[in-house]
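Heads up, the thing below is written out as structure tokens.
The values are calculated or read from the model by the stated rules, or taken from the named source; none is laboratory data. Note that this is a predicted model, so its numbers are computed, not measured. Cβ sites come from the backbone with ideal geometry, for glycine too, and all protein chains shown count toward neighbours. Side chains are part of the model used for accessible areas, which takes the heavy atoms of the whole protein and leaves out ligands, DNA and RNA. Shrake-Rupley method; radii C 1.70, N 1.55, O 1.52, S 1.80 Å.
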Amino acid sequence: MMRRAVAGIVLAILMVVGFRATGPVPPLGPFLDPANGVWAGAAATSFPSVQQVTIPGLHDSVHVLFDDRGVPHVFASSEDDAYRALGYVEARDRLFQMEAQTRAASGRLSEWAGDRLLETDRQNRALGLVWGAERKFAAYDRSSMGFKAITAYADGVNDYIAHMRPRDLPVEYRLLNALPMKWEPIYTMYFLSRMSLTLGFNDATVRRLKAEAMVGKDAADALFPVNSPIQQPIQPNGSSKARFDFSSLPAPGAPDSSVLAIARAREDLASSLAFRKPTETSDAIGSNNWAVSPKRTADGHALLAGDPHLDLTLPSVWYEMHIVVQGKLDVAGVGFPGVPGVVIGFNRNVAWTFTNTGSDVNDYYEERVDNDASPSMYKLDGAWKPVEKRIERYLDAKGKVIATDTLRFTHRGPMRRILGKWLSMRWTLYDPSHEPDNFMKLGYTKNANEWLDVMRDYVVPTQNGLVADRSGNIAIRSSGKYPIRPGDGRGDVIRDGSTSSSDWVGQLPVDKYPFAMNPAQGFLASANQQPVDPRKNSSYMGSDWYSPWRAMHINDLLRADSMVTPDDMRRFQTDPGSARADVFVPYFLAAAAKEDSAGRSDPLLRDAARLLSSWDKRYVRESHVAVLFEAAMNELATRTWDELRDKNKKPAPSDRLNYPEAQVLVELMRQPASEWWDDRSTPARETRDDILAASLRAAYQSVSKTDGDPKSDKWLWSNTRHANIFHLLRIPAFSALDIPVQGGPSTLAPSSGAGTQGPSWRMVVELGPEVKAWATYPGGQSGAPASPRYTDRLAKWTNGLLDQVLFPRTPSDLDRKRVVSTLTLVPQ
């Protein structure tokens, strides 16, 4: 195993030498030095069975036991000692990852790679993430639990760096010919800001404005509605089934070029601020969580399942841990490397998890400035206000300044000139908050009500926090700051920045947040759907919500089972059933049958319908039909929404990102003669069934052309959809690629086309007399590619299996056969 791992590392450096893709090529002599080079570094990934290290700043000894899953069980006498030890341990396992994500968030990658990543750094700094993080850090209460923890954690990271031997240097630093930088407490805030960008920036407005420019306002409002036309909300609404709130979609209207300019301005602003544009439709991404009351479980204990979906990377975005502070804290679960403590997990009484709410918490304003070329003032309520300027300098690996930028900010946030207009952005991310305190305090809670109280002042990103306790309570609340806008309250317009009357007027009170506790149905579930039925709560929280297919399916599974077991919860996480397929397959088959009865069918359409009718609508790896259905759905969207594309350009896969949600397409199904069904590229006037039949026929023809006979292995779903888990430097030898997975678009384990997003952590917790948990994530605890703990969890993750989590109360309670290494940190 070690020889193969080291061979992979040597291959990686040869690839860098050959392609020069990631950074400066290291001197090969030191790199291959047998004493301190890559060979010794690979050996250093195996920890000694017993080790003692003296570090300054500890109040007492800390004992860290690593079990055979690579999980550190940290036993300390104080919180400061525990988080200092955690910083030491996480740095030992994940130092390069921690620094890489910090440099990405703070725009300092050019210090590794020079000009090649300069533009990336410029964009990242233009986000205002560093500006916002510095403001939060400066305002942070120095006496708070969170601030003390991130400070102690930083000390622990630096203690490890100080103790590193040359052979301990992670291979990535060797590839980049770099050394670790000193860790600062503010780096935790940088990471949380970057995570808020990933989860908390929702700009559905761009799609709606683009549509308005092409088909008019009425049509655009219907295609990208404020409320989901299929209602299966997070907060139960008393219905045992999803409710279809369908209305007639207005026909395409006249284009409006003036709106197109606004749409392009917003899109360009988002792009210039480096906001990542989505690469997948919502059918291919998403997170899930659910909890079941004791009255519906086999053993009479509350059950909770957590299944957050994020970018898949090696090493994983998560790090698993167990922290015990005698008489105060006993918490286990996962956190982010670089952020002290457990974010998703459980203690002796409570378990919790999160999914993303996806609410609209950012707005744009057109500002009036004193100088279009280089503004120093902006007008507000008739008075000139100074523009805050921030000089950004970018360095190369030698410390030389290679570029300088001037960033500008109003009281709202970062400001950029787009298409001749100066636009600024307001975002809850820039507001004072203390997420480290929120997350850490969760570990101390004794019941669901205490847990909910801790999350009352949580700000960003908005999250659907699900909690269960040993008393049998289950609860969910969509927590975070929801801004209240003036006027109509919507956040999908560009407002007049010259008046403070355009600014937010407050925030939604907590008692208006989507919330449920111990519902009559006996279970709760969230899957990124609209959190509350607008008939129950009309407060504006966002628009253009994900189609609730996953929510519909998990609700059906939970509704059908009144004796749920922990293993059922595990199986549900990878259940391949699809509410989306349940809805659309009958439409395709009915259209094909209509063509046949009218004498307009042909062998291709008959064969396609015969094959599709044989499908159980489950995305298992052995399926030969799922690939046909997905091809038909792509054809259907392309043919239906041709009005939303430039008619002078050929259709492209990226066009799908501008199409309405699939739930809107179901809404359109109720209008078989709607003008939307007409294909503008033909002289005929098509109807719904014409487009459905043509889509199925074309799908069968295209898949047959590329994959041959439908009975061949090329049609297997396992040969179509894969997970691709890239190393942070995207070095293939350090990555896990082309992994066949179960699940497909809009299933509970949604499979994206690129395969780079998916279940980042799966967890099931039973809250009985003794809390039990099972969990895994793709990858392993170690960030070292040569370590046996780098991908040791991957096989179980791929097959939907979980490990039992060890949760000892004391060091002696941990089975010594399961302990692979003991680290004792002692005061200096």
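Tabulated results
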read-out	value
Residue ID - nearest to G779 (Cα to Cα), chosen from residues in the stretch 308-330 that are open to solvent by less than 10 Å² (accessible area, probe 1.4 Å) and β-branched (V, I, T)	I323
Those strands (runs of 3 or more DSSP E) lying entirely in the stretch 433-517 with at least 3 residues under 20 Å from F191 (Cβ atoms)	none
Qualifying residue in the stretch 81-104 (condition: closer than 23 Å to I391 by Cβ and either open to solvent by 20 Å² or more (accessible area, probe 1.4 Å) or of a type in the set (D, E) (or both))	yes
Matching entry among D607, D556 (being under 27 Å from L636 (Cβ atoms), without any contact (Cβ under 8 Å) to a residue 40 or more places away in the chain, in a helix (DSSP H, G or I) and more than 24 Å from the chain's Cα centre (by Cα))	D556
Residue list for the stretch 611-665, filter: assigned to a helix (DSSP H, G or I) and small (G, A, S)	S613, A626, A631, A632, A637, S654, A662
Residue count for the stretch 182-196, restricted to those that are open to solvent by 30 Å² or more (accessible area, probe 1.4 Å), farther than 13 Å from Q101 by Cα and touching a residue at least 60 places away in the same chain (Cβ under 8 Å)	0
Test: residue in the stretch 110-129 that is within 28 Å of S787 (Cβ to Cβ) and not hydrophobic (A, V, I, L, M, F, W, C)	yes
Residues (of a type in the set (A, V, I, L, M), open to solvent by 10 Å² or more (accessible area, probe 1.4 Å) and at pLDDT below 95) located in the stretch 36-73	A43, A44
Subset of the stretch 114-162 that is polar (S, T, N, Q), over 12 Å from T188 (Cα atoms) and not in a loop (DSSP other than H, G, I, E, B) - its residue that is modelled with the highest pLDDT	N158
Test: residue in the stretch 722-737 that is buried (at least 16 other Cβ atoms within 10 Å of the Cβ) and free of Cβ contacts under 8 Å to residues at least 40 places away in the same chain	yes
Verdict on E770 being out of contact with any helix residue (DSSP H, G or I) (no Cβ under 7 Å at 6 or more places or on another chain), at pLDDT 95 or above and not hydroxyl-bearing (S, T, Y)	yes
First in the stretch 241-255 and within 17 Å of D533 (Cα to Cα) and of a type in the set (A, V, I, L, M, F, W, C), second anywhere and at pLDDT 95 or above and assigned to a loop (DSSP other than H, G, I, E, B), Cβ under 9 Å, 6 or more apart	A242/Q232; A242/P548; F244/P229; F244/R670; F246/P229; F246/R670
Members of the stretch 582-599 that are under 14 Å from L696 (Cα atoms) and either among the aromatic types (F, W, Y) or touching a residue at least 60 places away in the same chain (Cβ under 8 Å) (or both)	F584, Y587, F588, A590, A591, A592, K594, E595
Residue match in the stretch 495-516 (condition: in contact (Cβ under 8 Å) with a residue 60 or more places away in the chain, within 17 Å of G542 (Cβ to Cβ), among the β-branched types (V, I, T) and open to solvent by 10 Å² or more (accessible area, probe 1.4 Å))	no
Lone qualifier among L692, L696, L657, L665 - being modelled with pLDDT of 95 or more, touching a Ser or Thr at 6+ places or on another chain (Cβ under 7 Å) and of a type in the set (A, V, I, L, M, F, W, C)	L665
Some residue of the stretch 780-789 being in contact with a Leu (Cβ under 7 Å, 6 or more places away or on another chain) and at pLDDT 95 or above	no
Some residue of the stretch 546-554 being within 22 Å of S196 (Cβ to Cβ) and either open to solvent by 40 Å² or more (accessible area, probe 1.4 Å) or of a type in the set (K, R) (or both)	yes
First in the stretch 438-460 and under 24 Å from G358 (Cβ atoms) and without any contact (Cβ under 8 Å) to a residue 60 or more places away in the chain, second anywhere and of a type in the set (D, E, K, R) and part of a loop (DSSP other than H, G, I, E, B), Cβ under 7 Å, 6 or more apart	V459/D431; V459/K481
The stretch 304-322 residues that are in contact (Cβ under 8 Å) with a residue 60 or more places away in the chain and of a type in the set (V, I, T), paired with ones that are open to solvent by 10 Å² or more (accessible area, probe 1.4 Å) and assigned to a loop (DSSP other than H, G, I, E, B) (beta carbon under 7 Å, 6 or more apart)	T313/L728; V317/F336
Residue match in the stretch 582-598 (condition: of a type outside the set (S, T, N, Q), surrounded by fewer than 22 Cβ atoms within 10 Å (Cβ to Cβ) and in contact with an Asp or Glu (Cβ under 7 Å, 6 or more places away or on another chain))	yes
Options G338, G358: the member that is in contact (Cβ under 8 Å) with a residue 40 or more places away in the chain, open to solvent by less than 10 Å² (accessible area, probe 1.4 Å) and touching a Phe, Trp or Tyr at 6+ places or on another chain (Cβ under 9 Å)	G338
Tally, over the stretch 599-622, of residues that are open to solvent by less than 60 Å² (accessible area, probe 1.4 Å) and among the acidic types (D, E)	2
Sole exception among (1) more than 25 Å from the chain's Cα centre (by Cα); (2) open to solvent by less than 30 Å² (accessible area, probe 1.4 Å); (3) over 30 Å from L823 (Cβ atoms) for A76, by number	(3)
Residue satisfying all of: in the stretch 774-818; among the hydroxyl-bearing types (S, T, Y) and part of a helix (DSSP H, G or I); surrounded by the fewest Cβ atoms within 10 Å (Cβ to Cβ) among these	S812
Residues that are over 30 Å from Y540 (Cα atoms) and either in a strand (DSSP E or B) or of a type in the set (A, V, I, L, M, F, W, C) (or both), drawn from the stretch 352-387	V369, A373, M377, A383, W384, K385, P386, V387
S718, sole failed condition from (1) under 30 Å from P566 (Cα atoms); (2) in a loop (DSSP other than H, G, I, E, B); (3) hydroxyl-bearing (S, T, Y)	(2)
Complete set of residues in the stretch 666-702 that are part of a loop (DSSP other than H, G, I, E, B), surrounded by fewer than 18 Cβ atoms within 10 Å (Cβ to Cβ) and among the small types (G, A, S)	A673, S681, A684
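Conditions tested, residue by residue: (1) surrounded by fewer than 18 Cβ atoms within 10 Å (Cβ to Cβ); (2) hydrophobic (A, V, I, L, M, F, W, C).
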position	(1), (2)
H624	no, no
V627	no, yes
T638	no, no
P651	yes, no
D655	yes, no
V664	no, yes
